[in-house]
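These notes are about the structure you will find just below.
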Amino acid sequence: MAKVLLSIPDKFLNQIDTIADNEQRTRSELIREALRTYMKRNVAFDAKKTAKDAELLENLLD
């Protein structure tokens, strides 16, 4: 598994650590899950946008 170095403000990191501790998981697990959730939401948004764009294009061509 690759390792990534990133900068996070101390206050934000403290919040991440608090959530991770409360959920009894590692910081890395929490961040991976957050990124997976973001990526799934982004894909869903793109699919909706693509469908809407296709509908607009179809209406313009009619």
**OP:** Please calculate how many Å² of accessible area the chain carries per residue, with a 1.4 Å probe and no DNA, RNA or ligand atoms counted.
**Re:** 97 Å²
**OP:** Give me the percent of the accessible area of the chain that comes from carbon and sulfur atoms, probe 1.4 Å, all protein chains in place.
**Re:** 59 percent
Subject >> Expected 222 nm ellipticity per residue - DSSP helices of 4 or more, -39500 (n - 2.57), all of the chain, to 500 >> reply: -27500 deg cm²/dmol
Subject >> Spin-label pair Ala34/Leu61, simplified geometry with 7 Å Cα→Cβ offset, distance in nm >> reply: 4.2 nm
Original post:
Of the labelled options [x] 4, 14, 14, 17, 13, 8, 8, 7, 6, 6, 3, 0; [y] 3, 15, 23, 19, 14, 13, 7, 4, 1, 1, 0; [z] 4, 17, 22, 16, 11, 8, 8, 6, 4, 2, 1, which one gives P(r) over Cα pairs in 5 Å bins from 0, in percent as computed for this structure?
Top reply: [x]
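The values are calculated or read from the model by the stated rules, or taken from the named source; none is laboratory data. Quick caveat, the model's predicted, so the values are computed rather than measured. No Cβ is skipped: glycine too gets one built from the backbone with ideal geometry, and neighbour counts run over all protein chains shown. In case anyone asks, the SASA skips ligands and DNA or RNA and just uses the protein heavy atoms, side chains included. Shrake-Rupley method; radii C 1.70, N 1.55, O 1.52, S 1.80 Å.
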